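Here's the structure, in structure tokens; my notes come after.
The values are calculated or read from the model by the stated rules, or taken from the named source; none is laboratory data. Quantities reported herein were computed from a predicted structural model and do not represent experimental measurements. Note: ideal-geometry Cβ built from the backbone for every residue, glycine included; neighbour counts use all protein chains shown. With ligands, DNA and RNA removed, areas are computed over all heavy atoms of the protein, side chains included. Shrake-Rupley method; radii C 1.70, N 1.55, O 1.52, S 1.80 Å.
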Amino acid sequence: MPISFAATCLRAILYILLITGIAQGVYYEALYLPETRFSEQGFIELAQTGLLALSTLLLLYLRVGLRELPDVSLLLLAFVASSLVREQDALLDVYVFDGAWQLLVALIILPSLYSVIRHRRGFAAQFAGYANSLSFGLFTAGFLTTYVFSRLYGRQEFWRAVLQENYLRDFKSAAEEVVELFGYALILIAMFELVLLARRWALARRAD
């Protein structure tokens, strides 16, 4: 089922508004919220949690509501949910116990991997369809932005070399966390596109 030009424009506008809102939030945090700037209570950290939580809900809807791509969606859900737990590491260390997030991530990842490996043929068949979608391209871009580029870009040695005697950890933290936030936004857009794709598949099957 082809996507209409109007629908494409509407989605493009929504994505532009999302990225603009994130950028403005970072801007206002830096300028007007010095007491929480780049902290666990700041806009960036809360936005990261919000984006991952929305991505998790979309994947739950895909699995439970639409019942599409069960094995692919399980692996994606495990990844996104684990990232969401990882973002709460400071809170979990304080209010649960030190290292709690590692245990929770293991409880999410290990059963999911077992299920995917057990149903590897189904996963491979589902992935063949997903790999040729816009969602997969966006997810890959988000993954590389957050989990590869932001880590390398945020290296302390790099920022010490750039800023020299003007080095402050806030510069490094701001650069790394903002890039990471953008990556999470791409992942959210990817999950939204995946839900729309799954809905089109479901409607096409009903039409047949």
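Which of the residues belonging to the range 12-53 are within 16 Å of Ala190 (Cβ to Cβ), buried (at least 17 other Cβ atoms within 10 Å of the Cβ) and aliphatic (A, V, I, L, M)? Ile22, Leu51, Leu52, listed by residue number.
Got a sec? Which of Ile16, Ile3 is part of a helix (DSSP H, G or I) and either within 30 Å of Ala202 (Cα to Cα) or of a type in the set (A, V, I, L, M) (or both)? Spell out the reasoning first.
Working: Ile3 fails: part of a helix (DSSP H, G or I).
Going through Ile16, Ile3 in turn, just one is part of a helix (DSSP H, G or I) and either within 30 Å of Ala202 (Cα to Cα) or of a type in the set (A, V, I, L, M) (or both): Ile16.
Check whether at least one residue in the range 193-205 is over 19 Å from Pro70 (Cβ atoms), touching a residue at least 60 places away in the same chain (Cβ under 8 Å) and either touching a His at 6+ places or on another chain (Cβ under 8 Å) or part of a helix (DSSP H, G or I) (or both), and report yes or no.
Of all residues in the range 193-205, those over 19 Å from Pro70 (Cβ atoms) come to none.
Within the range 193-205 (the criterion being over 19 Å from Pro70 (Cβ atoms), touching a residue at least 60 places away in the same chain (Cβ under 8 Å) and either touching a His at 6+ places or on another chain (Cβ under 8 Å) or part of a helix (DSSP H, G or I) (or both)), the answer is no, since none of the residues qualifies.
For Leu57, state whether it is at pLDDT 95 or above, under 22 Å from Leu197 (Cβ atoms) and either open to solvent by 20 Å² or more (accessible area, probe 1.4 Å) or in a helix (DSSP H, G or I) (or both). Yes, satisfied. In the range 176-188, the residues that are free of Cβ contacts under 8 Å to residues at least 40 places away in the same chain reach residues that are assigned to a helix (DSSP H, G or I) and open to solvent by 20 Å² or more (accessible area, probe 1.4 Å) with C-beta atoms within less than 8 angstrom, at least six apart or across chains, in these pairs: Glu176/Arg151; Glu176/Tyr153; Val179/Thr145; Val179/Phe149; Val179/Tyr153.
In summary, Asn132 fulfils each of the numbered conditions (1) polar (S, T, N, Q); (2) within 20 Å of the chain's Cα centre (by Cα); (3) assigned to a helix (DSSP H, G or I) with the single exception of condition (3). When residues in the range 60-81 are screened for being among the hydrophobic types (A, V, I, L, M, F, W, C), farther than 14 Å from Ser112 by Cβ and surrounded by fewer than 20 Cβ atoms within 10 Å (Cβ to Cβ), 2 of them pass.
A single entry from Leu107, Leu74 fulfils the requirement of being free of Cβ contacts under 8 Å to residues at least 40 places away in the same chain and in a helix (DSSP H, G or I): Leu107.
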